[in-house]
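Asks: Structure below; questions to follow.
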Amino acid sequence: MAGGSFDLIVVGGGVFGLSTALEAGRRRRRTLVVDRHVAPNPMAASYGPSRKIRSTYLDPHYTRLALEAMAGWRRIEAETGKELYVAAGNLNVSDGPADAHLDTLEVNARRGGAKVRWLDADGLRREFPQFRRGHRALLEEEAGFLRATDCVTALRGLAEKHGVRFATGHDAAVARNGSCVEVRTDIATFHAPQVVVAAGGWSKRLFPELGRALWQCQQGIMYLEGVPAAFCRPAFVPYSGADTGFYGFPAEPGRVGLKLARHLVTDAIDDPDFDRRTTPSGFVEAAGEFARSWFGLDPGDYRATYESCMYNLSTSNDFLLDFHPGMPGVFLATAGSGHGFKFGSLLGQIILDRLDGIQSNRWSPQFSYDSFVTASSRPRLL
């Protein structure tokens, strides 16, 4: 593209950026998405076969948003004719007889209207004997997983149908220029009265001041192919192991192996372009021990592959969805914090309402710039 003027420019083509662009297109705003790679981007946090979708949160605001996002993904499925949201359930499992964490999850989920039920030790053995160390579990029946890369592809396709244009494959810089915001790449310059920066782990390259409270870290993933049918859909379900940080998804033979990953704050990394074929120190050993002790599966007996993804965390673990205080017209949409993908059907509405000055209870002060920069020095996870 040779440059030009738009109503809105979105920098970043992951789930935050594409959700924003789609909603802007729906509101008939001339919109451009600029990204340094293609969309979907294999390096982005939005890429991969699966992301958890659940409403079991310690924070009731996220519970309400998650339930609304579930309905939003169903509407996107209807628009595209694609299977994106697999409601296979989600099991929060504890290896102890009591767990206050699970009790709070249940209270918030029920208040929000989610369908959840308890499984005691006997019920867990009867329905999900795969969890050898489980003593108590909370099952959310309409939770499950999103086919992440397919969701990104669907959002892009819908955005293009609503007139959104794309300029990909080039780094961008953002600056004020008179009464508008300027987005410069190495081949063109674009202008708009408003720019949404949704650059994920690369956000602080554009705005170094975000480094005060934005933390990137590496998360390991293990896939096991050829596991018994008990660990494949529909016999197995997405799960989270309370206190272990491990979570995962059932195998789908011919499509993807049993997935095991860890929701954990690891050491901060300086370069978001790290090799995704590596894993954090100790992950392979810890994942193997979890698979053996919880499931009776030895990774050495199956075809095991390892990779990693990147968490882009705020130290509060809340999203940053607010105007940049020092650059009028720039809106920051980042800090997916390891749990943001599920809200991709809804984020654009939250962001466009803020841009358009529409009051909504979807936005919360916990998403503000002030909250972002005054949080603790090291992230915590929801």
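The values are calculated or read from the model by the stated rules, or taken from the named source; none is laboratory data. Since the structure is predicted, the reported quantities are computational estimates derived from the model, not experimental observations. Counting neighbours? That spans all protein chains shown, and the Cβs are built from the backbone with ideal geometry, glycine included. Note: areas computed on protein heavy atoms with side chains; ligands, DNA, RNA excluded. Shrake-Rupley method; radii C 1.70, N 1.55, O 1.52, S 1.80 Å.
Asks: If we keep just the residues of the range 363-373 that are in contact (Cβ under 8 Å) with a residue 60 or more places away in the chain and surrounded by fewer than 20 Cβ atoms within 10 Å (Cβ to Cβ), which is farthest from L22 (Cα to Cα)?
Replies: Checked the range 363-373; the qualifying residue farthest from L22 (Cα to Cα) is V373.
Asks: Return the residues of the range 33-58 that are in a loop (DSSP other than H, G, I, E, B), of a type in the set (D, E, K, R) and at pLDDT 95 or above; say none if nothing qualifies. Give the derivation first.
Replies: Taking the range 33-58 first, the residues in a loop (DSSP other than H, G, I, E, B) are 36-50, 54-58.
Applying the additional criterion that residues be of a type in the set (D, E, K, R) yields 36, 54.
Residue satisfying the conditions is R54 alone.
Asks: Identify, by number, the condition in (1) more than 30 Å from E77 (Cβ to Cβ); (2) of a type in the set (K, R); (3) touching a residue at least 60 places away in the same chain (Cβ under 8 Å) that R156 doesn't meet.
Replies: (1)
Asks: Another question about this same structure. Residues in the range 217-224: is at least one of a type outside the set (D, E), open to solvent by 30 Å² or more (accessible area, probe 1.4 Å) and touching a residue at least 12 places away in the same chain (Cβ under 8 Å)?
Replies: Checked the range 217-224: no residue is of a type outside the set (D, E), open to solvent by 30 Å² or more (accessible area, probe 1.4 Å) and touching a residue at least 12 places away in the same chain (Cβ under 8 Å).
Asks: If you don't mind, there's one more thing I want to ask. Take the range 61-95 and flag every residue that is in contact with a strand residue (DSSP E or B) (Cβ under 7 Å, 6 or more places away or on another chain) and part of a loop (DSSP other than H, G, I, E, B).
Replies: Within the range 61-95, L84, A87, A88, G89 meet the criteria.
Asks: With respect to the numbered conditions (1) at positive phi; (2) open to solvent by 10 Å² or more (accessible area, probe 1.4 Å); (3) not polar (S, T, N, Q), which one is the sole condition not fulfilled by G89?
Replies: Answer for G89: the failing condition is (2).
Asks: Just to be sure I understand, how many residues within the range 263-282 are open to solvent by 40 Å² or more (accessible area, probe 1.4 Å) and within 15 Å of G201 (Cα to Cα)?
Replies: Adding up the residues that qualify gives 6.
Asks: Also: Identify, from the list A172, A148, the residue that is at negative phi, under 22 Å from the mean Cα position of the chain (by Cα) and buried (at least 18 other Cβ atoms within 10 Å of the Cβ).
Replies: From the options A172, A148, the qualifying one is A148.
Asks: Any residue at all in the range 334-342 that is among the basic types (K, R), open to solvent by 20 Å² or more (accessible area, probe 1.4 Å) and at pLDDT 95 or above?
Replies: No, the conditions are met nowhere in the range 334-342.
Asks: Just to verify a result, which residue in the range 248-262, among those that are open to solvent by 40 Å² or more (accessible area, probe 1.4 Å) and of a type outside the set (G, A, S), is nearest to the chain's Cα centre (by Cα)?
Replies: Checked the range 248-262; the qualifying residue nearest to the chain's Cα centre (by Cα) is R262.
Asks: I'm trying to understand the selection: among the residues of the range 290-310, which are out of contact with any helix residue (DSSP H, G or I) (no Cβ under 9 Å at 6 or more places or on another chain), modelled with pLDDT of 95 or more and more than 13 Å from R132 (Cβ to Cβ)?
Replies: Within the range 290-310, D301, Y302, R303, T305, E307 qualify.
Asks: Shifting gears a bit: Can you say whether P299 is of a type outside the set (G, A, S), surrounded by 15 or more Cβ atoms within 10 Å (Cβ to Cβ), touching a residue at least 40 places away in the same chain (Cβ under 8 Å) and closer than 25 Å to L146 by Cβ, as far as the supplied structure shows? Please lay out each step first, then the result.
Replies: Working: of a type outside the set (G, A, S): yes; surrounded by 15 or more Cβ atoms within 10 Å (Cβ to Cβ): yes; touching a residue at least 40 places away in the same chain (Cβ under 8 Å): yes; closer than 25 Å to L146 by Cβ: no.
No: the conditions fail for P299.
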